[in-house]
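One structure is given below, encoded as structure tokens.
The values are calculated or read from the model by the stated rules, or taken from the named source; none is laboratory data. Note that the coordinates shown come from a computational prediction; the quantities given were computed from them, not determined experimentally. When we count neighbours, we look across all protein chains shown, and the Cβ atoms used for this are built from the backbone with ideal geometry, even at glycine. Side chains are part of the model used for accessible areas, which takes the heavy atoms of the whole protein and leaves out ligands, DNA and RNA. Shrake-Rupley method; radii C 1.70, N 1.55, O 1.52, S 1.80 Å.
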Amino acid sequence: PRWPTATSSSMSTATSGSTRGPPSSPSGECPGRGARMRGRAGGVGTWRVPPARCPWVGDAGLRVEAGRGLSREFRGHWEKEEPFTGSSGRVPWENKRPEIQHHHEEFLPTGETSIDSYPNWLKFHIGINRYELYSRHNPAIEALLQDLVSQKITSVAMKSGGTQLKLIMTFQNYGQALFKPMKQTREQETPPDFFYFSDYERHNAEIAAFHLDRQVERNGIKRKGEILILDFRRVPPVAGRLVNMTREIRDVTRDKKLWRTFFISPANNICFYGECSYYCSTEHALCGKPDQIEGSLAAFLPDLSLAKRKTWRNPWRRSYHKRKKAEWEVDPDYCEEVKQTPPYDSGTRILDIMDMTVFDFLMGNMDRHHYETFEKFGNETFIIHLDNGRGFGKYSHDELSILVPLNQCCRIRKSTYLRLQLLAKEEYKLSLLMKESLLKDKIAPILYQPHLEAMDRRLRIVLKAVSDCIEKDGYDNVVENDFNTDANTVTTER
């Protein structure tokens, strides 16, 4: 049974499949199934639903229990076996290690193996390993991207923390994703008087960052096959989606604070603004056309209770102050100090920082104050490239301060250096590969053409910086030969 809605005539009436809202019964009691609750006259205030704890309201309890069952499946993979190492092309559920072969050959009555029956978000989770978020040929990633744009949204809530509004969306298959709504058009640049810490978070930047971080299948007449872009595979899958604000946000949320911010604009469009530190007010409301809004959906990583992550302060973090400068901005020898501090004094972490520096400079992202790693893998693991929404803000300006870590440390992986040199060639031009890859997204075009051209320009700046380092310190002291490491590492197989 569904709780009937009573909406203002100027707002879309909810469909029979999406009528849940926040627990707003004034008395806190469970009314009869056929009862219609009385609310304030006019606007969203007339829409009332029973408390979520009412036993007959939907199937939320069943969804929670099913989600817990899938979480237990992930915990089994995460705790019993070292997640798959390297990028050999095998997907994690095809692992042939003898000690876990029996587990992977458990069959269901349908004839499928147990892992075949998992939703794509869970296949993504169990494929995470010490060196990457997903293997190069993992078929679950493309399927997961399709899920992000097609799965029915069953509940929505605001994400706590952060400076700008973000929504947690839960799907019918129990997966979750972080929704960042559109705030700027493709052509708009960050206003010149904005500080980096007050810049808008752009949904298209999240989508473009995911594509920059991975590979693209070329299907053109001249060239076919897989062409890698940066090939880091450290950004969780992200896809663009058009969302109906009435049916897929307002009518399914149980977040009373979010629900209360919906209103109808003078242009008769549905708007909301939520609660956050910046830009959450009527003046900065997010409005649909009339109730359609586009945004990015980033697949969730495993829950922190199952796969703990460690947060690290970026050594080249900015001051986040209008007048003060960070230490690295005034000390040209700052990198020497960093290299004597764990975990940068050994292993590959300093090279991971250089990869992240190149990644951020190509996007123009100045907002990398912290980064995360999976606690399970210790210090010998990759950096997760999360939260890229402040990239691609200015195509007419190259922020050279983002490259300071590379200029100060003069270190880079050979695999990364060779990849950058390849992307500078006309045949594999970075802007063309990015444009081709981004066309696959449902809300393409993702980037304004000048942003694509800016990436080519910035790539040349990166290569010039590496060249200057080599001239100063010598090739062997700058370029780290990561092709001679243990055969299981991801860099060996790039």
Criterion violated by residue 155 - all others in (1) touching a strand residue (DSSP E or B) at 6+ places or on another chain (Cβ under 7 Å); (2) buried (at least 21 other Cβ atoms within 10 Å of the Cβ) satisfied: (2)
Would it be correct to say that residue 322 is loosely packed, with under 11 Cβ neighbours inside 10 Å and over 30 Å from residue 211 (Cα atoms)? yes
Yes or no: residue 335 without any contact (Cβ under 8 Å) to a residue 24 or more places away in the chain and either over 30 Å from residue 466 (Cα atoms) or hydrophobic (A, V, I, L, M, F, W, C) (or both)? no
Looking only at region 341-377, and only at residues there that are among the aromatic types (Phe, Trp, Tyr) and not in a loop (DSSP other than H, G, I, E, B), the one that is modelled with the lowest pLDDT: 377
When residues of region 405-431 are limited to those that are outside any helix (DSSP H, G or I) and without any contact (Cβ under 8 Å) to a residue 40 or more places away in the chain, the one most open to solvent (accessible area, probe 1.4 Å): 425
Among the residues of region 378-404, write down those that are open to solvent by 10 Å² or more (accessible area, probe 1.4 Å), in contact (Cβ under 8 Å) with a residue 60 or more places away in the chain and assigned to a helix (DSSP H, G or I). 400, 401, 404
So which residues in region 442-456 are outside any loop (DSSP other than H, G, I, E, B), of a type in the set (D, E, K, R) and open to solvent by 30 Å² or more (accessible area, probe 1.4 Å)? 453
Looking at 144, 133, which is the one that is assigned by the TED database to the domain that holds residue 272, crowded, with 21+ Cβ neighbours inside 10 Å, in a loop (DSSP other than H, G, I, E, B) and modelled with pLDDT of 95 or more? 133
Check whether at least one residue in region 331-340 is in a helix (DSSP H, G or I), open to solvent by 50 Å² or more (accessible area, probe 1.4 Å) and at pLDDT 95 or above, and report yes or no. yes
Residue by residue through region 360-377, note down the ones that are open to solvent by less than 40 Å² (accessible area, probe 1.4 Å) and either on the phi > 0 side of the Ramachandran plot or touching a residue at least 60 places away in the same chain (Cβ under 8 Å) (or both). 361, 362, 363, 364, 365, 367, 371, 373, 374, 377
Could you grab me the full set of residues in region 185-199 that are exposed (fewer than 12 other Cβ atoms within 10 Å of the Cβ) and modelled with pLDDT under 90? 191, 192, 193
Inter-residue pairs, beta-carbon under 6 Å, first closer than 13 Å to residue 292 by Cβ and in contact (Cβ under 8 Å) with a residue 40 or more places away in the chain and in region 234-250, second among the hydrophobic types (A, V, I, L, M, F, W, C) and part of a strand (DSSP E or B), 6+ apart: 241/297; 243/293; 245/270; 245/293; 246/270; 248/153; 249/156
